[in-house]
Amino acid sequence: MIVYRPFAVTQVSPALLEVRPGELLSAEEAAAQQAIAGAPGTPNPYNAILDQQAAQARALTQTIQRRVSTTTSPTGAWVMPPSEPFHRPFNVNTVGDNLIVAGAEGLRIAIHQIELYNTVQQTIRLLDGSTDLMGPLDTFPAQAGLNLPWQDEPHFKLSYGQPFKINLAAGRVTGFLKYRMMES
């Protein structure tokens with residue numbers, strides 16, 4: 001006797017439940033699965049774990065909402081707290097503007113660290129949208145780097161909604177930056 005099952009659980013873990021589409025099971029396999037799962041109507045032991053994780057997620061979301069809703073500026077307006085630092089590696093070689101971090105309406109990009117390595121002698125510009133953040137790095141030497149180490153106070157705060165771009169005159173630059181998205 002062959003029993004058709006609509007799905008079979010291949011891995012059971014609280015964080016990941018992998019399901020394969022329909023699979024044919026022999027009568028012995030079907031009986032073994034039913035013995036493991038219990039009789040129809042028997043609670044699945046993993047439901048309690050999943051319910052607990054869902055409750056923890058709901059509690060965390062409510063905590064965050066309470067903290068955010070009580071964060072206000074001196075004028076009483078709601079203020080988004082600064083994000084955790086983002087790490088953005090880059091490896092660009094297009095002549096002209098290269099988008100590194102997209103801007104977001106109402107937010108500023110605050111750059112806390114930049115590591116940049118240049119491959120050919122060229123002029124490099126770090127841009128706040130289309131405005132230079134600092135003077136152009138004219139004839140920046142090949143196999144040379146720019147290092148602005150991490151600091152809590154950002155090296156640069158871009159204008160609201162503006163992206164961070166690197167403008168290249170000739171070759172490739174690679175590196176990373178660490179930044180936050182901020183309202184003020």
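FYI, it's all coordinate maths here, none of it is from the lab. Everything numeric in this text was worked out from a predicted model, so none of it was measured. Backbone-built Cβ (ideal geometry, glycine too); neighbour counts: all protein chains shown.
Please find, within segment 154-166, the residue that is surrounded by the most Cβ atoms within 10 Å (Cβ to Cβ) out of those that are within 13 Å of residue 90 (Cβ to Cβ) and not basic (Lys, Arg).
164
Restricting segment 128-144 to residues that are within 19 Å of residue 176 (Cβ to Cβ) and within 26 Å of the chain's Cα centre (by Cα), which is surrounded by the fewest Cβ atoms within 10 Å (Cβ to Cβ)?
The qualifying residue surrounded by the fewest Cβ atoms within 10 Å (Cβ to Cβ) is 133.
Any idea which of (1) over 15 Å from residue 109 (Cβ atoms); (2) of a type outside the set (Asp, Glu); (3) in a loop (DSSP other than H, G, I, E, B) is the one residue 159 doesn't satisfy?
(1)
Kindly provide the set of residues from segment 97-114 that are surrounded by 16 or more Cβ atoms within 10 Å (Cβ to Cβ) and either within 21 Å of the chain's Cα centre (by Cα) or hydrophobic (A, V, I, L, M, F, W, C) (or both), ordered by number.
Passing the criteria: 98, 100, 101, 103, 107, 108, 109, 110, 111, 112, 113, 114.
Condition first: among the small types (Gly, Ala, Ser) and in a strand (DSSP E or B). Can you find one or more residues in segment 112-132 that meet it?
Within segment 112-132 (the criterion being among the small types (Gly, Ala, Ser) and in a strand (DSSP E or B)), the answer is no, since none of the residues qualifies.
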